[in-house]
Structures are given as C-alpha cells and as structure tokens.
Amino acid sequence: MKRYKTSYAAAGTPVDVKDYRAELALALLDEGVSLDTFLKANKKTRFEVGRSTLFRQVQALKEGRAPLSAEKAGGRPPKLTDEEWHVVAGAILMEAEKTDLQWVATWIEKNLGVGMAFATISRHLNELDLCFRLTGGRPMPKLMTEESYVKEYYECVLDLHNGTFFDYDPQKIIAVDCCTNSRRLERVKTVSIIGAKQKKLSAAKPTYTNTYVVAIALEDSGQYPALMFTHDPTFDPKGPRAKEVDKWLQKFQMSRDRVIYIKSSKKYCSESPDLIGHFKSIYRKELTGTRVLHDGGNAFKINGEFILADGADRHYILPAATHGELSPLDNKVNAIAKNCWRTERANQDFSYDDLYLLWCFDWVKPDAIKSCWTKNFLLGKKKVSLAMTQDQLKGNKFSRQEIQAKYIAAFDAWCEEKGECVPETVFEALESKLDGSYWQ
C-alpha cells in the first residue's frame, strides 16, 4: 500500500543543538519547570524532539552519561511510523463503540498488517496523549449519533433563548432534580504491587439507599434547601437514635423537616410523585410564579400532569437524551456535592454519612451554581449556534483539541488514500448548505 511519508521531526538537528537541548531541559527541570512544559515550548522551534527521546537524554545526564551515543544506535526499527500512529489514534477517536488494547491490536493487524504486543501499544498511546477513561455515566441512546445528540442539545438551548426563558428574575428561574446516595459504582483504592492480583478487602456495605430532591435557582441564595427521603429507621423521629440524629442536625445546622422518614420494609426509597408532591408542599410559596425546568421522569407526574407546572410562570421539560448534560444539577451541582461527600465522609456510620450528603448540597456556593447554568445554556451569548454548541460539548479549551484534530485529519487522509472516504458530517452539511434564521 502506498504511503505518504514525512521526514522525522528531529531529522537534521545538529548534534550540538541536541546536547544543548538536553542540558537546558535538565537545568530547567532543576528550576521547577516540567519536561512536558519544555516539550510544549520546544515544539515551537525548528528542532522538535520526541517525548521519549528527551526523557532518555535527560536521564542519561542525571546518571553522568553523555545524552547522545557516539555511534548510531542499532536495534530493531519501529514497526509503525509516527504518521501511522497518528492514523491509529484517529481511528480510535472516530470509533463509535468501546475501544481497548485488544481493539487497537486487532485494528493495527487488520489495517496495517503488523502484530503488536499490548505493552508496546500502551506505551505508544501514552506518548500520543491517549489514555483509557471512564465513559459518561449516561450514554447516548443506541441508535443516536453524536451529530443528532448535539443537534438536540442545540435545539433545546435555542428554544429557551428564543422563548426568552431566561429574561426573568434569576432568583425565580429554577431547576429541580432527584439523586441518590448510591455507592454501588464506587471502588476502594489501596497500595499494591503492580501487576499483582487485586486485593479483596472486607468492608461493611450500606443497607439503605435514599433519594434527595434538589432545586437550585439561577441566582441562588439557598431558597430551596434539599430534602432527603429515606426508609432508614435511624431517622425515625420516634426511633431509638432520634436524639443522636438531632445532634447531627444541630451540628450541620439543618432543620428536622428536611429529613423525611418513610416507614417501610424496603431498603431503597426511590423517587416518586409522592416525593415531588411533598417537595412542592414544603416550598409552595417559593415555587409560585417560578420558571422551572426538569427532566420528563414519571416522578414529576401525577395522572400525566406535571406536578410543578401548577402555579409556575413557565414549565419546561428537558429532552430525554440530553437532559443529563443540560441540567445544571444532573451533571454539575450534584457532581460537585457528591465529590465533596466522597472525599470527606467518615465511612464509619452510613446513616451519618447520608445526612452529610444532604449538607453537601448546601455547601455548593452560589457562584459555582451560576457558572453551571451559564455554561450549560450558553448564557451571555448574544446568538447561539450549532457550531458553538458542538464546541461546548467537546470540552473546554484545555482538552487538546488541536492534537485531536491532527489525529482525525491523519485518519481521514488515510481513509481517502484507501478509497474509503469519510462522509461529510452533519455539522459540515448544516453549516455549509442550509440557510434561514433557524440555522443561523
């Protein structure tokens, strides 16, 4: 197969420059400048160097050896060129399904005709700034494309902007959501030997799962303290631990009516219309005349009618597929509170820890809450666009978008060379071929 070759990045670099570069990198390292920072700056010069090469040269200097060998190094040539690794990276990024080391090895063997060990692949992926990360907790529907996902998100934001939803008293614009204290997906970390079998630790498991109803305003001043609903008899106001719970509440400066004990043999107090109805009865006065948004879950309905629509100035249901990212609670404030909870809870009394989570919702600061609203709904933008929404969902400016674009471009060029051109994306079609005020 024909390949388009490019010259190696360090080709033609004088030996003196290589020596000086290694010495300068070591000197800056001693001054507190990381080698990654040095590499980033060095890429802007005419004498680029690979990450592993620089690290090897600096390590040689640390050990009192010359950074460069007097003779040309021998050994086996690399199985793939840098350009081919960029193609592999692009293939990984463009793959819609789950990828792992086996997937990468199979793809390389099938498309590039090279067999490769997992350790070698892992090392190269690290050099390419690729790593194995958790996927989002709320995956897209199976048949939904990334393009249609972004389009749905964009249409919701556009609808709210065009409908002047946010042109209102910011203290009366609220989002409502339910979450739990589930620890089911949490894993304990401990120090162990690399490559050894995972340790199995004996530990008590929580018995009760509670539901928390949380509401925040665009300009939040604690108008809607979160409520906790539980079947845990620890919180029975007439139970044997009632006085102990009162002390906890006093410590957290929370009122007893924020903890609703529902006597039941069940362990999981799931979200339901009764919980949302109770929330409304507690905050009926504050909720009057609000503009409220939440997901379309059955917990918010009674006989097909939305509970919080009654008495609201406006009531908006977030779309099913994208509500997890649109809601300033679902993927923002709830995550902030839970991260604080996981980090600081005592893990000695599960009931105490569950009450501590309720306090963690109070702990999130108004500025952080407002920033969640601003980012999710592109507030402050005079005119939202599909491209703007796409950039928002890709991540912030620190997400190495330039590197990602380079890998995808290399993969696209490789596909074109093979006669398997990647079709024009929906984004390109929308931006280049449609007109009219809707798409503008």
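Miscellaneous remarks
- The length gained on full extension between SER371 and PHE252, counted as 0.36 nm times the residue separation minus their Cα-Cα distance, comes to 40.3 nm.
- Database remark: amide H of ILE302 closer than 5 angstrom to the amide H of ILE307 (H placed geometrically; neighbours at sequence offset of 5 or more, or on other chains; Pro and chain starts carry no H).
- Remark: spin-label model distance GLU286-LEU393 equals 3.3 nm, labels positioned 7 Å along the Cα→Cβ axis.
- Charge context of LYS238, other residues only, Cβ under 13 angstrom, K/R +1, D/E -1: +2
- Cα point-scatterer Debye curve for the range 23-62, base-10 log of I(q)/I(0) at q = 0.20, 0.31, 0.33 Å⁻¹: -0.53, -1.18, -1.26
- Distance (nanometres) between label positions extended 7 Å along Cα→Cβ at ALA335 and LYS79: 3.6
- log10 of Debye I(q)/I(0), alpha-carbon scatterers only, for the range 17-130 at 0.14, 0.15 Å⁻¹: -0.73, -0.80
- For SER34 and GLU127, the FRET efficiency from 1/(1 + (r/R0)^6), where r spans their Cβ atoms and R0 equals 22 Å, is about 0.90.
- Remark on ARG314: its backbone amide H falls under 5 Å from those of ARG291, VAL292, a criterion applied only to residues 5 or more positions apart or on other chains, H modelled at 1.01 Å from N.
- Normalised by residue number, the volume inside the convex hull of the Cα atoms of the range 238-349 is 161 Å³ per residue.
Each reported figure results from applying straightforward, stated rules to the coordinates on display, with no laboratory input. Just so it is clear, the model here is predicted, and its values are computed rather than measured. Ideal geometry is used to build each Cβ from the backbone, glycine not excepted, and the neighbour counts take in all protein chains shown.
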